[in-house]
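Below is one structure; the comments refer to it alone.
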Amino acid sequence: MSTLNFKEAVLDRSMETPVLVDFWAPWCGPCRILGPVIEQLADEQKDKWELVKVNTEEMPEIAEKYKIMSIPNVKLFYKGEIIGEFVGALPKRSIENWLEAYLPNAQKTQLEDILSRIGGEDHEAALRELDQFVEAYPDYSLAKVALDNQLIFTQPEKAQNLLREVKMGDKFHEAAEDIRTLANLMLFKPNGQPAGKALGKAQEAIKAKDYETAIQQIIEATTLDKSFENDLPRRSGIALFRMWGKDHDLSKRYRWKFDMALY
């Protein structure tokens, strides 16, 4: 395959359908392991994407252009751009999950459009569309998680019910578990116990969108009795920090305090 053919077979063709490029070489042991797996998947999913194999020994200029430093190297092209990539010989199931995450499709495009409008001027309309999308595609776990992230603090019972079918093994299982935990927090009925009072204050703070006070009270409940109500203080703190991510301001300021409360 020449440089010109690469443009035709990959860049031009990717304007119509996703093209998976497997950069390999005959001397590469992991390439010989990955190659047949990729080829089998290409045959099984031929209606979704096309495979192009590039021997880096024969096309060094292409390998250099795309900064191929280690092989096997797999890149997914769509509309002339790289939209996903991985290095190394992954097992078939991992590649299937990777493809599911990166391959474009009409449902994913529609969902991305809806999510792009969440939190903006069109928030309420977008939220209604997201609800309708979940009804139309009940097996789309990503959409359920996205909707639940919007409902969890205002409609916790609905959030719990939406994710009942997301089981262990689903790639969104951890996110679903965190949402279920936070739904439990919002449905918790405060009692006279010190940890229960702290969780009640956290609950009220969340309703008021005062998340700093909420995490402070969860840390307090964890310090008082981290195993209270089936580990609810501990699980709630972990769920919030995972939802915010490590770069969130509250994560940076309070995660270490929470960790100290745990131990």
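The values are calculated or read from the model by the stated rules, or taken from the named source; none is laboratory data. Only a predicted model underlies this, so the values are computations on that prediction, with no experimental measurement involved. Cβ sites come from the backbone with ideal geometry, for glycine too, and all protein chains shown count toward neighbours. The accessibility values were calculated without ligands, DNA or RNA, using every heavy atom of the protein model including side chains. Shrake-Rupley method; radii C 1.70, N 1.55, O 1.52, S 1.80 Å.
For segment 66-109, backbone nitrogen atoms closer than 11 Å to the point 7 Å from Asp47 Cα along Cα-to-C-beta are found at no residue.
The antiparallel fraction among DSSP beta bridges confined to the chain stands at about 65%. Among Trp244, Trp27, Trp49, the largest mean-square fluctuation in a Gaussian network model of the chain (Cα springs under 10 Å) belongs to Trp27. Across Thr17, Thr213, the residue with the most accessible area heads the list, and the full order at a 1.4 Å probe is Thr213, Thr17.
Where in the chain lies the longest segment free of GluC sites (Glu not before Pro) that are both loop residues by DSSP (not H, G, I, E, B) and have at most 16 other Cβ atoms within 10 Å?
166-263
Within the accessible area of segment 112-211, the carbon and sulfur atoms contribute 48%, probe 1.4 Å, all protein chains present. Reducing segment 3-56 and segment 201-249 to their Cα centroids gives an inter-centroid distance of 47 Å. Spin-label pair Gln40-Lys67: with each label point 7 Å from Cα along the Cα-Cβ axis, the two points sit 3.3 nm from one another.
Can you give the direction-averaged projected area of the convex hull of the alpha-carbon atoms in segment 1-131, in nm²?
On the way: hull surface 37.7 nm².
Mean projected area of the Cα convex hull: 9.4 nm².
Rolling a 1.4 Å probe across the protein heavy atoms gives the chain an accessible surface of 55 Å² per residue. Over 32 Å apart at the Cα level, from the set Lys75/Lys257; Lys207/Lys257; Lys92/Lys252, are Lys75/Lys257; Lys92/Lys252. Converting the Cα gyration tensor eigenvalues of segment 133-208 into ellipsoid dimensions via √(5λ) gives semi-axes, longest first, of 27, 13, 9 Å.
The radius of gyration of the Cα set in segment 56-178, together with its Dmax, comes out at 18.6, 59 angstrom. When the chain is treated as a Gaussian network with alpha carbon springs shorter than 10 Å, the biggest mean-square fluctuation among Gln45, Gln150, Gln217 belongs to Gln45. Put a dot 7 Å past the Cα of Lys92, heading toward its Cβ, do the same for Asp249, and the two dots end up 5.0 nm apart. With all projection directions averaged, the alpha carbon convex hull of the chain covers 17.3 nm².
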